[in-house]
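The structure appears right after this line, and notes come after that.
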Amino acid sequence: MNHHDNSYKNIFSHPEMVRDLLLGFVPEHWLTGLDLNTLEKVSGSYVSDDLRDREDDIVWRVHIKDRWLYLYILLEFQSTVDRWMAVRMMTYMGLLYQDLIKQKEWSADGKLPPVLPIVLYNGRPRWHAATEIAELIDLPPGRLSDFTPRLRYLLLDEGCMDESGPLAIKNLAAALFRLEKSRSADTLTQTLTALIEWLGNPAQNSLRRAFTVWINRVLLPAHWPGVTLPEKENLLENNTMLAETAMKWTEQWKQEGLQKGRQEGRQEGRQEGRQEGRQEGRQEGRQEGLQEGLLAGEATVLARLLSKRFGSLPDDVRVRICTATADQLEHWADAILDAPTLAAVFAN
């Protein structure tokens, strides 16, 4: 199992995360019948009849309020699409039921508890594997179809989720998904600031540490390689540490953005230079196009960084950026981190 799956397993080993996952992202009316205060993690290790070990990612159970039954929630974490996931989930549920029978976990009338199988997926391409096992089986002739197995799992594809609603009601699962999809320093720091507030209780130290490990080992390496935190430091410990770390991230992203702008500018400059060169001379066109392309790329990146730091830019500022020299653009880019206002960036 990779770092991502291990970290998710660690985070969702806390009842607060499972509770918020159900409340925020499982749109079922029967949730109102659950006593979520009774969420209890149970063993996910089973030994089948042929003595082969199988360990599921996470299994939880919770009381249904009007009945003394358990609703077993099977969580399977995925970061890649598995075409045969429906077969895997059917196998896991069969092993789970075998274990429940051995433990004599059935109701007074001899019925086994219901199971909700959940696949939580965070990969880049949208999930396209079958969620019903019958979809993986050729259509049988005649009445043979009556014996085709039927099993569906609940797919939660993070890329298709709108976490903004649950996030507004302090939903921890929504905060995790927002961090997973964040691509800017502002989104990252705002969400982490909210987590600091929500996880302020000393009883939640374990969950704070789980989030910190996930941020270090999964989030930052995936989205911003090279940006790391010492694992002995708890990012969710206080806002001061978060602010200092965000400044480091912003500086690195600025440098990466300028580098990207230079690369894009070179490409645009070469293309423009080639076109002008055909009319006014190849050598002169390439040189002029390259220089203009470089300046245009750096100006675009600078304007984007200023907008993220200070909000929408006035027209006169945009004109000033577009007509600046390379030295001016570099000077203003260096001033972004320390300047308290937009005007201060251009003061000198």
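The values are calculated or read from the model by the stated rules, or taken from the named source; none is laboratory data. Everything numeric in this text was worked out from a predicted model, so none of it was measured. Virtual Cβ from ideal backbone geometry, glycine too; neighbours counted across all protein chains shown. Ligands, DNA and RNA are excluded from the accessible area calculation, which covers all protein heavy atoms including side chains. Shrake-Rupley method; radii C 1.70, N 1.55, O 1.52, S 1.80 Å.
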**Asked** Any idea of ARG318's accessible area? Nearest 10 Å², probe 1.4 Å.
**Response** 100
**Asked** Can you give the FRET efficiency for VAL81 and ALA347, using 1/(1 + (r/R0)^6), R0 = 45 Å, r = Cβ-Cβ distance, to the nearest 0.05?
**Response** 0.30
**Asked** Based on the Cβ-Cβ distance of LEU337 and ASP315, what FRET efficiency does E = 1/(1 + (r/R0)^6) give at R0 = 25 Å, to the nearest 0.05?
**Response** 0.50
**Asked** Gain in length, ASP162 to ASN201, computed as 0.36 nm per residue apart minus the alpha-carbon separation, to one decimal in nm?
**Response** 11.3 nm
**Asked** What is the magnitude of the charge dipole of region 128-216 about its Cα centre, with +1 placed on the Cβ of each Lys and Arg, -1 on the Cβ of each Asp and Glu, and no other charges, expressed in debye to the nearest 20?
**Response** 340
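Go ahead and run the numbers for FRET between GLU135 and ALA303, Cβ-Cβ distance against an R0 of 51 Å, rounding to 0.05.
It comes to 0.55.
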**Fill in**
Links exceeding 28 Å between C-alpha atoms in this model, out of LYS170/LYS308; LYS65/LYS111; LYS9/LYS308; LYS9/LYS170; LYS9/LYS111, come to LYS9/LYS308; LYS9/LYS111
